[in-house]
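What follows is a single structure, written as structure tokens, with notes after it.
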Amino acid sequence: MNETMMRWASDGVGREQLTCRQVVVPTPGPREVLVRVDAVALNYRDKMVLESGRGLPLRFPFTPGSDLAGEVISVGPATTRFGPGARVISTFTPDWIDGVRPGTAREPAYRTLGGYYPGVLAEYVVLSEEWCVRAPASLSALQACTLPCAGLTAWFALVERARIKTGDTVLIPSTGGVAIFGLQIAKASGAMAIVSGRAEHEARVRALGADHYIERDRADWLDELYRLTDDRGADHVLEVVGGAHLARSVQAAAVGGHICQIGALAGFEMSAPAMPLMLKDVTIHGIGTGSRRALERFVRAVEQTGIAPVIDSVFSFDALPAALARLDQGAFGKIVVQVSA
């Protein structure tokens, strides 16, 4: 193995600060693993962190990216979870092993890779062995790297918080990374899936198993949802838009329904009508990815159900700026950077 490697890093907030640099390959310490990074999936959050810092305590030079798939090359002293040759994926929120997310009412925890902790857009990274999970045997590295954030978020929302079951109806108002995983998880759970998005995405969404598709801009959007559900509404709503769109999700929810608040594409200040929220006994779950144990359960589910992540496009390591430009445009599924051949 070479003594040096390439790593993307920035010296300040702003995408123009991002450059690819030659650095020394790190050495794992006690209970750490050196991972050769094979692929990294991008998230919309990566774009936000690079462009604004998102209020995080970034330490410069800062490396973005949180979701990797790779192979353990060497391990430090006292390491027991993985050995050389193990195929692993990263955990988005490393300190959240199980149970309730760390943090307090005053200061909710937001310590993620590619934010509070350094990111993974490098040829090699050193991680705590506690920050990794076995990669699914059924997936390639390009597919497996999409699980830690987008895949786990959809899984944690529908399965571990909303408790989806066979026969339920799920509304998915997007065709991005989390949304497509939500569709696949809904169908694997025996639920009916209604997806809303742009007209040009309908055929691809139906090919993935969607039962119904509603163009997002049609004037009678809500009436069409009511018609498709015999006025019952959706048992589960993956609210990945945020802002004022939460109001539409409250109106779409069934009596006793669940709204999984995930995204903030339309803004972090959200609003919703109080009367239907109260009279329909709607539960709103705030979803911020999930724990490592949840990711391990999701990996097993992927292997057992045959879920195959949908990849919008793959870019070479040196083409990260082009990958970010594709993220700007809005993707159908996930954008992946291939780090090693």
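For a quick protection proxy, order the peptides 3-13, 111-121, 163-173 by their average other-Cβ count within 10 Å, most packed first.
So the order, starting with the most tightly packed, is 111-121, 163-173, 3-13.
Under a Cβ-Cβ cut-off of 12 Å, what is the net charge of the residues other than Asn2 that fall near it, where Lys and Arg count +1 and Asp and Glu count -1?
The answer is -1.
Please label the shape of the stretch 211-281 as rounded, prolate or oblate, based on the square roots a ≥ b ≥ c of the eigenvalues of the alpha-carbon gyration tensor (a/c under 1.5 means rounded; beyond that, a/b larger than b/c means prolate, else oblate).
oblate
If amide hydrogens are placed 1.01 Å from N in the peptide plane, which non-local residues have theirs closer than 5 Å to the one on Glu32?
Placed amide hydrogens put Gly76, Glu129 under 5 Å from Glu32.
Any idea what the dipole of the chain comes to, in debye rounded to 20, about its Cα centre with Lys/Arg Cβ at +1 and Asp/Glu Cβ at -1?
520
Å³ per residue of the Cα convex hull, for the stretch 252-341?
Dividing the Cα hull volume of the stretch 252-341 by its residue count gives 170 Å³.
Determine the dipole magnitude for the stretch 28-168: charges of +1 sit on the beta-carbon of Lys and Arg, -1 on that of Asp and Glu, nothing else is charged, the reference point is the Cα centre, and the result goes in debye to the nearest 20.
In total the dipole reaches around 280 debye.
Residues with beta-carbon under 12 Å from that of Ala41, excluding Ala41: net charge, scoring Lys, Arg +1 and Asp, Glu -1?
-2
Any idea what Rg and Dmax come out to for the chain if you just take the C-alpha atoms, in Å?
For the chain, the Cα-based Rg and Dmax read 20.0, 64 Å.
Assuming R0 = 25 Å, what is the FRET efficiency of Thr19 and Ala325, from their Cβ-Cβ distance, to the nearest 0.05?
0.95
Provide the net charge surrounding Arg198, with neighbours chosen by a C-beta distance below 9 Å and charges set as Lys +1, Arg +1, Asp -1, Glu -1.
-3
Assuming R0 = 25 Å, can you tell me the calculated FRET efficiency for the pair Arg206 and Gln304, based on Cβ-Cβ distance, to the nearest 0.05?
Efficiency computed from Cβ-Cβ geometry: 0.55.
Explain nothing, just the number: relative contact order of the stretch 182-337, from Cα pairs under 8 Å at least 6 residues apart, as a whole percent.
Across the stretch 182-337, relative contact order equals 15 percent.
Using just the helices of the chain, give the 222 nm mean residue ellipticity in deg cm²/dmol: DSSP H runs with n ≥ 4 each add -39,500 (n - 2.57), and the total is spread over all residues, rounded to 500.
-6500 deg cm²/dmol
What is the set of long-range amide H partners of Ser196 at a cut-off below 5 Å, with H atoms built 1.01 Å from backbone N?
HN-HN under 5 Å from Ser196: Ile172, Ser174, Ile214.
Assign one of three labels to the stretch 151-286, namely rounded, prolate or oblate, based on the Cα gyration tensor with a ≥ b ≥ c the square roots of its eigenvalues; rounded applies when a/c is under 1.5, prolate when it is not and a/b is larger than b/c, and oblate otherwise.
Since a/c stays below 1.5, the shape of the stretch 151-286 is classed as rounded.
What residue among Gly288, Leu34, Ala274 has its Cα farthest toward the positive end of the dipole of the chain, where the charges are +1 on Lys, Arg and -1 on Asp, Glu, each on the Cβ?
Most positive-ward Cα: Leu34.
Defining a contact as two alpha carbons under 8 Å apart and six or more residues distant in sequence, what relative contact order in percent does the chain show?
18
Could you pull out every residue, at least 5 positions away or on a different chain, whose amide H is within less than 5 Å of the one on His285? Hs are placed 1.01 Å off N in the peptide plane, and Pro or chain starts have none.
HN-HN under 5 Å from His285: Ile259, Cys260, Gln261.
Readers should treat all values here as calculations from the given coordinates under stated rules, not as data from a laboratory. Since we're looking at a predicted model, the values are computed, not measured. Virtual Cβ from ideal backbone geometry, glycine too; neighbours counted across all protein chains shown.
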